[in-house]
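Undergrad: Let me give you the structure first, and then I'll get to my questions.
Readers should treat all values here as calculations from the given coordinates under stated rules, not as data from a laboratory. All values derive from a computational prediction rather than experimental measurement. Cβ atoms come from the backbone with ideal geometry, glycine included; neighbour counts cover every protein chain shown.
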Amino acid sequence: MAKAKDIIKLIQKKHKKAIIEAEEFRGDPVVKVKKEKLIEVCEYLIKEKKLAYNLLVDVTAVDFLPYKRTPRFDVVYILVSIDNEHRLILKTEVDEGEKVPSVYHLWKSANFPERETYDMFGIEFEGHPDLRRLLMWPGYEYHPLRKDFPTKGYDFDEKWDPETIKENVIQY
Amino acid sequence: MAAERKWKLHFGPHHPSTHGVLRIELELEGEKVVKATPIIGQLHRGIEKIAEDFTFHQAIPLTDRLDYTAASLNNLGYVLAVEKLLGIEVPKRAQYLRVIISELSRIMGHHLWIGSAALDLGAMTVVFYAFADREIIMECIEAASGGRLTPTYMRIGGVAKDVDEKFIEKVKYFVDMFPEKIDGYETLLTDNIIWRQRNEDLAVISYDEAINLGLTGAVGRASGVNYDVRKAFPYSSYEDFDFEVPVGTKGDAFDRYMCRMEEFRQSTRIIKQAIENLPDGPVMADIPFLNPPQEKVRTDIDALIRRFKFVLEGFHAPKGEVYQSVEGSKGELGFYLYSDGGSKPYRCKIKSPCYIHVSALPEMIEGYMISDIITAIGGLDIVLGEIDR
């Protein structure tokens, strides 16, 4: 297992301008890169033999609305190298309404996680072949994992109105 | 006969062999599947959102409800992630107890899989044998924690309580008798002509494709991906135990079955080693901000205050983010925690293995017959509670 510091150094050497910040936390490297350079860095992470991050475990996002940070979201990619047995948390920043390049063409496992991130946070992924809502139903207006969405939901304790549902029914 | 019309069929959500509320939109040419689109989200309970409103400790029972067939493994993944965030060390006895309980859970999960997958294909006998043995494991877990299906046995810093002689006896009895039972399952299925014909060369995924699609666990290993979190990133003293990781060659549904059958044996081996070498000592890390043991609370005023503080306001975790995964009964089960320095997880993302496996379902079943979908889903071993979260 390679050390986290070596991994960070290796990425810094090749993509110095792309990196916003890089640190080690509890033994895992955490690297934040610029959105424009994301695909370039990802391609390097796969190709470089010392890294070889061939398994994309998860894609998710973190909302920083309570901290009034711009850009608002962090998009997080968790990568694992099966051959070298080490992990990497790769992050990028994106503001509301902006698009992130999809990594679907590099790792097919990004399919559902990217759709879910779109569903839950409203972050659009450019180049994703089938960007629809995943867990919530089509026609739902909100993005539930945003920090301004109450845990109860907006329609808690409200009477169920069949008319509103009728509009959202998908026609096959 | 060349099919002139394309048919659309909604497979599920109430079909018994989808093992929950999974819906697949199929496009058919005759009985051949041309296009498949899995539609999930009907069991979505928003566990990630609810966890944001709970303290780190309160969120443990939520994780039981993910993969309810092997609940303790989810507990383990979550508490390990919190422990990694806090940077604390767990006593050796607690680590061994965690290994025993989680391997028992893995066997429990595989029991449900073998029973229901065989039942889907009409082999009714297996489910009775599997559930009879599952009952013995449930009794073991009940002896340790008091719960059967959702025990919530793991705690941040250790386990809920120490085990007694009764538990050790029960586990030893199970470990001794179980290898024979696995051979029994194999006589029912491995050389069963119907089982073989329906499973062999079905839903084949190659090595490169399996990695690209992110398949882990027995599904990935059947395709030759030698990746087991217990070996690659050892946690909870797994490096102490001697066990092998079964790897398949063809990547079809039958290889997945064979991998899981071998996992039954390897898990039994791990439990045997753990129960024989169970070290003495405390089962909870003695750390000021964590929950003090029950006996201390009754005699020591300081411990009582600690208990109150722990329950009412929780503890403040350091700022940072961690990803910790365990080898679940279905594949790599991971927890990504982001902490902003408060007592609640600012963001808790659950990476469930079945979720990724369902996204790979179109690649597996397109081009096969409609009845093969049932076999393919059976081979994937999906649990909808984990997919929809």
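Undergrad: Once all Cα-Cα distances of segment B:77-136 are split into 5 Å bins that start at 0, what whole-number percent is in each one?
TA: In order of increasing distance, the bins hold 4, 16, 18, 16, 11, 10, 10, 8, 5, 2 percent.
Undergrad: If you don't mind, there's one more thing I want to ask. Across segment B:270-381, what fraction of all alpha-carbon pairs, as a whole percent, falls in each successive 10 Å bin from zero upward?
TA: 11, 21, 24, 24, 12, 7, 1
Undergrad: So how compact is segment B:183-241: Cα radius of gyration and Dmax in angstrom?
TA: 15.3, 41
Undergrad: Shifting gears a bit: Using only Cα atoms, find the angle between the long axis of helix B:253-276 and the longest principal axis of chain B, and express it within 0 to 90 degrees, rounded to the nearest 10.
TA: 20 degrees
Undergrad: Using only Cα atoms, what is the ratio of the radius of gyration of segment B:41-111 to 2.2 N^0.38 Å? Write out the running numbers ahead of the final one.
TA: On the way: Rg = 13.3 Å, N = 71, 2.2 N^0.38 = 11.1 Å.
So the Cα radius of gyration is 1.20 times the expected 2.2 N^0.38 Å.
Undergrad: OK, next. Can you put B:352, A:81 in order of Cβ neighbours within 10 angstrom, beginning with the fewest?
TA: Ascending number of Cβ neighbours within 10 Å: A:81, B:352.
Undergrad: Here is a further query. I need to check one value: relative contact order of segment B:237-389, counting alpha carbon pairs closer than 8 Å and at least 6 residues apart, in percent.
TA: Values: 157 pairs, mean separation 23.6, N = 153.
Once normalised by length, the contact order is 15 percent.
Undergrad: If exposed trypsin sites (Lys or Arg not before Pro) are those in a DSSP loop with at most 11 other Cβ within 10 Å, what is the longest stretch of chain A that has none? Write out the running numbers ahead of the final one.
TA: On the way: sites that count: A:16, A:17, A:49, A:50, A:68, A:132, A:152, A:159.
Free of exposed loop sites, the longest segment is A:69-131.
Undergrad: Stretched out fully, how many nm does the piece from residue B:135 to residue B:187 gain, at 0.36 nm a residue minus the Cα gap?
TA: Working: separation 52, 0.36 × 52 = 18.72 nm, distance 2.11 nm.
Net length gain for the segment: 16.6 nm.
Undergrad: Filter B:84/B:231; B:35/B:330; A:5/A:34; A:91/B:84; B:319/B:349; B:181/B:250 down to the pairs with a C-alpha to C-alpha distance above 22 Å, please. Walk me through the numbers on the way to the answer.
TA: Values: B:84/B:231 18 Å; B:35/B:330 25 Å; A:5/A:34 20 Å; A:91/B:84 20 Å; B:319/B:349 16 Å; B:181/B:250 26 Å.
Those over the limit are B:35/B:330; B:181/B:250.
Undergrad: Within 10 Å, Cβ to Cβ, of residue A:71, how many net charges do the neighbouring residues add up to if Lys/Arg are +1 and Asp/Glu are -1?
TA: Numbers: positive: A:35, A:69, A:72; negative: A:74, A:93, A:95, A:96, A:98.
My count for the surroundings of residue A:71 gives -2.
Undergrad: Same structure, new question: Just the Cα atoms of segment B:1-79, one point each, no solvent: what log10 I(q)/I(0) does Debye give at q = 0.11, 0.12, 0.14, 0.15 Å⁻¹?
TA: Values returned for q = 0.11, 0.12, 0.14, 0.15 Å⁻¹ are -0.48, -0.54, -0.64, -0.69.
Undergrad: A further question follows. Which percentage, to the nearest 5, of the DSSP beta bridges contained in segment A:21-107 is antiparallel?
TA: Details: 22 of 26 bridges.
Of the beta bridges lying entirely in segment A:21-107, close to 85 percent run antiparallel.
Undergrad: Which angle between 0 and 90 degrees, to the nearest 10, do you get for helix B:301-312 versus the longest principal axis of chain B when only C-alpha atoms count?
TA: Roughly 30 degrees between the two axes.
Undergrad: Something else: So what's the protein assembly as shown giving for Rg/Rh, alpha carbon basis, Kirkwood Rh from the mean inverse pair distance?
TA: 0.96
Undergrad: As I understand it, the value is the acute angle between the Cα axis of helix B:71-86 and the longest principal axis of the Cα atoms of chain B; what does it come to in degrees, rounded to 10?
TA: For helix B:71-86, the angle is close to 50 degrees.
Undergrad: With springs connecting C-alpha atoms under 10 Å apart, model chain A as a Gaussian network and identify which of A:43, A:93, A:124 has the largest mean-square fluctuation.
TA: Top of the fluctuation ranking is A:43.
Undergrad: In whole angstrom, note down how far apart the Cα centers of segment A:60-100 and segment B:137-159 are.
TA: The two parts, judged by their Cα centres, are 35 Å apart.
Undergrad: Count the DSSP beta bridges whose two residues both fall in chain A, then state the antiparallel fraction as a percent rounded to the nearest 5.
TA: Antiparallel: roughly 75 percent of the beta bridges in chain A.
Undergrad: Still on this structure, please answer the following. For a footprinting-style exposure proxy, rank B:100, B:305 by other Cβ within 10 Å, fewest first. Provide the component values of the computation, followed by the final result.
TA: Numbers: B:100 27, B:305 12.
Fewest-to-most Cβ neighbours within 10 Å comes out as B:305, B:100.
Undergrad: Which value at 222 nm does chain A reach when only helices count, each DSSP H run of 4 or more adding -39,500 (n - 2.57), with the total divided by all residues and rounded to the nearest 500 deg cm²/dmol? Walk me through the numbers before you get to the answer.
TA: Numbers: 4 runs with 39 residues, N = 172.
Dividing the helical sum by the residues of chain A leaves -6500 deg cm²/dmol.
Undergrad: Could you tally the net charge around residue A:30, taking each other residue with its Cβ under 11 Å from the Cβ of residue A:30, Lys/Arg +1 and Asp/Glu -1?
TA: Working: positive: A:26, A:32, A:87, A:91; negative: A:21, A:23, A:24, A:28, A:74, B:321.
Charge balance in the 11 Å sphere: -2.
Undergrad: Using alpha carbon coordinates only, what is the Rg to Rh ratio of segment B:270-316, with Rh defined as the Kirkwood radius?
TA: On the way: Rg = 14.6 Å, Rh = 12.5 Å.
Result for segment B:270-316 is an Rg/Rh of 1.17.
Undergrad: Relative contact order (percent) for segment B:63-205, with alpha-carbon contacts under 8 angstrom and 6 or more residues of separation? Numbers along the way, then the final one.
TA: Details: 133 pairs, mean separation 36.9, N = 143.
Over segment B:63-205, the number comes to 26 percent.
Undergrad: Something else now. Quick check: residue separation of residue B:14 and residue B:296 times 0.36 nm, minus the Cα distance between them. What number comes out in nm?
TA: Using 0.36 nm per residue and subtracting the Cα-Cα distance, I get 96.5 nm.
Undergrad: Considering every Cα-Cα pair within chain A, what fraction, in whole percent, is farther apart than 29 Å?
TA: Roughly 28 percent, rounded to a whole number.
Undergrad: If segment B:47-388 were replaced by its equivalent ellipsoid, with semi-axes equal to the square roots of 5 times the Cα gyration tensor eigenvalues, what would those be, largest first, whole Å?
TA: Working: eigenvalues 258, 107, 51 Å².
For segment B:47-388, the semi-axes come out at 36, 23, 16 Å.
Undergrad: Hey, another quick one. If you average the sequence gap of Cα pairs under 8 Å that are 6 or more apart and divide by the length of chain B, what percent do you get for the contact order? Numbers along the way, then the final one.
TA: Details: 738 pairs, mean separation 101.4, N = 389.
RCO, chain B: 26 percent.
Undergrad: Specify the inter-centroid distance of segment B:1-80 and segment B:204-281, based on alpha-carbon positions, in whole Å.
TA: Each part reduced to its Cα centre gives a spacing of 23 Å.
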